[in-house]
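Here is the structure we will look at, set down as C-alpha cells.
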Amino acid sequence: ASCMAENHLEGRVIGFALDGTGYGTDGNIWGGEVLLAGYEDFERQAHLEYVPLPGGSAAIREPWRMAVSYLAHYFGREFLTLEIPFVRALDRTKVELLLRMMDQGVNSPLTSSCGRLFDAVAALIGIRREVNYEAQAAIEFENYKLQMTNDKSDYELRVANSIIDPIPMIHSVVADVRAGVRIGEVSARFHNGVAAMVRTVARQSRDQFGLNEVALSGGVWQNMTLLARTVELLQRDGFIVYIHRQVPANDGGLALGQAVIAAVKLHVPSHKS
C-alpha cells in the first residue's frame, strides 16, 4: 500500500503476481496469480492451473521433477513413451517414485507457481535438470531467448473460467522438441506466450471491471526479456503499467496478497511487431 501511495495510485489495479513460491489463502503454494488489488484487500481473479510440486523444496532444486509433474498432468503415464531426449534420459526408478508420490499426495503440495513453469519447460528442453540456486534454469532459459530477439510467435496459455492452463504450451513445446526446433526459438515462443497471456487476462479484466492500470510484481519479473515484451504489449493496448521499484532477489516467502501493490511506472518504448 505504501508503494501505491508513493506513486499516487488510487482505487484498484490489475495485479500480476508471478513468483517462485508464495503461500496462498487456500493452503496451496501460489506464484501465478492475477489479483484485483487495492490498499486494504485483494480479490483473486485468475491463476495458473495447479500441478503437484513433487518432493516440495526438492522440486525447486531439481527442475526435472517439475517437468515430470507437468508431463504426467497433461499426458498421464503415456508421457514415458514420448520420443524426446528428456524422457529418454530419465531415471525410471526415480520417476516411478515421483509418480507414486503425486498420485498419493505424499510430499506433493499443489502449486500455481509461474517460476516452476519456467523450471519445467527449461528442464524439458534440456537446459538444466538440476540447479545450484533458485531461478538458475529460468535465467539460462532467458539467455537463449536473447539470441532470438526477432521471433514474435508464441505458445498459447489457455485462459478459461479463471484458470490459466499451460496445456497447449506444454504440448507445443514437446512437439517442437521432437521436431528439432532450436532452443532459442522455443525460449522465444515461451516468453512471448507468457507475455501474451498477461495481455489477454488484462484485457478481460478491463472489460469486466473497467480497470486500466496493471501492476507487475514478483520475482519472475526480474526476467527483463519477459518484462519488456509484456510492457510493450500492455502499453500498445493502452494500459498504464507499474512495477516494483525493487524486486527482491530471493522472495520465496513473499505474501502475494501484498505483492501487487504497485510501484514505479516503467517506460519501455513501444514498437510494432
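The values are calculated or read from the model by the stated rules, or taken from the named source; none is laboratory data. Keep in mind that what you see is a predicted model, and the values were worked out from it rather than measured. As a convention, Cβ positions derive from the backbone with ideal geometry for all residues, glycine included, and neighbour counts pool all protein chains shown. The accessibility values were calculated without ligands, DNA or RNA, using every heavy atom of the protein model including side chains. Shrake-Rupley method; radii C 1.70, N 1.55, O 1.52, S 1.80 Å.
I'd like to know if segment 57-65 contains one or more residues that are modelled with pLDDT under 95, open to solvent by 50 Å² or more (accessible area, probe 1.4 Å), within 16 Å of the chain's Cα centre (by Cα) and of a type outside the set (S, T, N, Q).
no
Output the residues belonging to segment 121-136 that are free of Cβ contacts under 8 Å to residues at least 24 places away in the same chain and more than 15 Å from the chain's Cα centre (by Cα).
Scanning segment 121-136 gives N132, Y133.
In segment 12-52, what residues are open to solvent by 10 Å² or more (accessible area, probe 1.4 Å), in contact with a Pro (Cβ under 9 Å, 6 or more places away or on another chain) and either within 16 Å of A135 (Cα to Cα) or assigned to a strand (DSSP E or B) (or both)?
I29, P52
I'm trying to understand the selection: among the residues of segment 82-121, which are open to solvent by 80 Å² or more (accessible area, probe 1.4 Å) and either part of a loop (DSSP other than H, G, I, E, B) or among the hydroxyl-bearing types (S, T, Y) (or both)?
E83, T93, N107
Return the residues of segment 66-81 that are out of contact with any helix residue (DSSP H, G or I) (no Cβ under 7 Å at 6 or more places or on another chain) and surrounded by 21 or more Cβ atoms within 10 Å (Cβ to Cβ); say none if nothing qualifies.
Those that are out of contact with any helix residue (DSSP H, G or I) (no Cβ under 7 Å at 6 or more places or on another chain) and surrounded by 21 or more Cβ atoms within 10 Å (Cβ to Cβ): none in segment 66-81.
Would you check if R88 is of a type outside the set (A, V, I, L, M), in contact with a helix residue (DSSP H, G or I) (Cβ under 6 Å, 6 or more places away or on another chain), closer than 19 Å to G126 by Cα and free of Cβ contacts under 8 Å to residues at least 60 places away in the same chain?
Answer is no for this residue.
Taking the condition of being open to solvent by less than 30 Å² (accessible area, probe 1.4 Å) and β-branched (V, I, T), how many residues in segment 128-141 meet it?
Of the residues in segment 128-141, 1 are open to solvent by less than 30 Å² (accessible area, probe 1.4 Å) and β-branched (V, I, T).
So for segment 31-51 (the condition being small (G, A, S), farther than 18 Å from I170 by Cβ and at pLDDT 95 or above), does at least one residue qualify?
Yes, segment 31-51 has at least one match.
Go through segment 193-215 and give me each residue that's over 12 Å from the mean Cα position of the chain (by Cα) and open to solvent by less than 10 Å² (accessible area, probe 1.4 Å).
Matches in segment 193-215: V201, A202, S205, V214, A215.
So that you can scan it fast, the table gives a plain yes or no per residue for (1) touching a helix residue (DSSP H, G or I) at 6+ places or on another chain (Cβ under 9 Å); (2) at pLDDT 95 or above; (3) open to solvent by 10 Å² or more (accessible area, probe 1.4 Å):
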| site | (1), (2), (3) |
| --- | --- |
| A179 | no, yes, yes |
| R182 | yes, no, yes |
| E185 | yes, no, yes |
| H191 | yes, no, no |
| G218 | yes, no, no |
| L233 | yes, yes, no |
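Tell me, which residue of segment 142-151 that is open to solvent by 50 Å² or more (accessible area, probe 1.4 Å) and modelled with pLDDT under 75 is farthest from V220 (Cα to Cα)?
If we take residues in segment 142-151 being open to solvent by 50 Å² or more (accessible area, probe 1.4 Å) and modelled with pLDDT under 75, then N150 is farthest from V220 (Cα to Cα).
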